[in-house]
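Beneath this line is the structure, given in structure tokens, with notes to follow.
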Amino acid sequence: MNTTIRGQVLISEENKAIKLFIGLFYLIYIGYDFFYYFIFPYYLKSEIGLPDGGLGFFLYVLVFLPLPVAIYLIRKGNPFPIKYIFLVFYLVLEFTNYFLIYFGKDIPFSGGHVIELFFILFSPIFVNRKFFWLSVSSMILKYAIYGMVFQSLDVILASVLIAFISVVAFILLNRFYSYVKAITLAYEEARENEKLAVIGQTATAIAHEIKNPLSSLKGFTQLQQEKDKGDEQYYPIMLNEIDRINEIVNDLLILGKPHTALKKPESLKDIIEYVVNVIKLHADRQKITINVDIEDSSSLLCDEHQMKQVFINLIKNAMEAMQDGGTIIIQSENRDGFARISVIDEGCGIESDKLMKLGEPFYTTKQKGTGLGLMVTKKIIEEHEGFFSISSEINKGTTVEVSLPLVENGPDLK
């Protein structure tokens, strides 16, 4: 999701949650006290009113002090600190009130408020583990201080109740986190699929429009080269550039045609050896050595042509990262029903922030790259029910590991 849009959504959702939080906070805080100090004693025929020695009705004036700050922060588009302000303000206000009522007096301590459970139980609504742990720890610590200051054991029951409610809230909070994560992943996947579908449709249309005139252009260039045999300076460059355009067009066609693979049992070793033979001359020119160590028994159910393209792309990428020569190692091992093929180079490496973006549409680390090669490679591997990973270290090299399902029980490759 775009960072700006994500931030706007988070602020919008936090605004909704904080408005609900503030409304319920005052409703529960004042409603509970009204019931506890006035209605409940009335039915019990006991003393009605607030305890002596505390802040009295002034308490309910002070409790509204955070409200203007909350309104200001909401209007400024920064609602996130509000819940912490209310929590801290409540703790200070309550401790002050109880200190005035009980400290230095021979009165049994009787404290606690249902709003404390509200703070803990509202944490899942905010989907905020930090606020949850701060609420729980501050409430338990508060009762521990009350127990020591007012010499009361009644705080143990309140602490146990808070601990029990905290377990329930923690379970709900984790479920909320899981739900939000699942929704986010589903959105990202749908967005990625939609983007790839648009790219595929566009790519197919463009590729078909380019393919025919490109073939004609190459044919006429070759004919003209035959006529001008004395001029060999520019024609090879022109033909190479036409071939490069043709490779890009072929990549576009693959992107635009889902599930085009015609799979049959193939030897992985034969595929790799073919690719190495095709690319060896170019590697020799760059003073690059390619060492191959492939399991003889590795057999894949794959489209041979597409799989060759995968390894051509990967080896070319490795070669382009080794401008001063070096060694490329291609090795494999069979494990857990997969052939795990590694292409290891000694190139310049890739920064970690760029590594995460490789395979995204049109993203490339090369100056003259199109961003299609690795994207096509990824698509082909996924269509073959495989996966690949890239690890890299700057100035030490890059390792690409491709995992492809092996043919069960050893196929007949004849």
Residue under question is Ile39, and the condition is that it be exposed (fewer than 15 other Cβ atoms within 10 Å of the Cβ) and either more than 30 Å from Tyr177 (Cβ to Cβ) or not polar (S, T, N, Q) (or both); does it hold? yes
Strands (runs of 3 or more DSSP E) (entirely within the range 289-350) containing at least 3 residues that are surrounded by fewer than 17 Cβ atoms within 10 Å (Cβ to Cβ): 326-335
What's the number of the only condition in (1) assigned to a helix (DSSP H, G or I); (2) without any contact (Cβ under 8 Å) to a residue 12 or more places away in the chain that Ile85 fails to meet? (2)
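Yes/no matrix, rows are residues, columns are (1) out of contact with any Phe, Trp or Tyr (no Cβ under 8 Å at 6 or more places or on another chain); (2) in a helix (DSSP H, G or I); (3) modelled with pLDDT under 70:
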position: His208; (1), (2), (3): yes, yes, yes
position: Ser215; (1), (2), (3): yes, yes, no
position: Leu223; (1), (2), (3): yes, yes, no
position: Glu226; (1), (2), (3): yes, yes, no
position: Gln233; (1), (2), (3): yes, no, yes
position: Asn240; (1), (2), (3): yes, yes, no
position: Asn250; (1), (2), (3): yes, yes, yes
position: Leu253; (1), (2), (3): yes, yes, yes
position: Ala261; (1), (2), (3): yes, no, yes
The listed residue being in contact with a His (Cβ under 8 Å, 6 or more places away or on another chain) and either modelled with pLDDT of 95 or more or assigned by TED's automatic domain parsing to the domain that holds Val114 (or both), out of Tyr60, Tyr42, Tyr72, Tyr29: Tyr29
If I ask for residues that are in contact with a helix residue (DSSP H, G or I) (Cβ under 6 Å, 6 or more places away or on another chain), assigned to a loop (DSSP other than H, G, I, E, B) and small (Gly, Ala, Ser), which ones from the range 105-149 would you list? Gly111, Gly112
With respect to Asn193, is the statement that it is assigned to a helix (DSSP H, G or I), over 35 Å from the mean Cα position of the chain (by Cα) and modelled with pLDDT under 70 true? no
Given the options Val69, Val114, Val92, name the one that is in contact (Cβ under 8 Å) with a residue 24 or more places away in the chain and under 30 Å from Leu172 (Cα atoms). Val114
So for the range 269-280 (the condition being more than 24 Å from Ile394 (Cα to Cα), of a type in the set (Ser, Thr, Tyr) and out of contact with any Phe, Trp or Tyr (no Cβ under 7 Å at 6 or more places or on another chain)), does at least one residue qualify? yes
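The values are calculated or read from the model by the stated rules, or taken from the named source; none is laboratory data. Fair warning: this is a prediction, and the values are worked out from it, not measured in the lab. Here the Cβ is made from the backbone with ideal geometry for all residues, glycine too, and neighbour counts use every protein chain on show.
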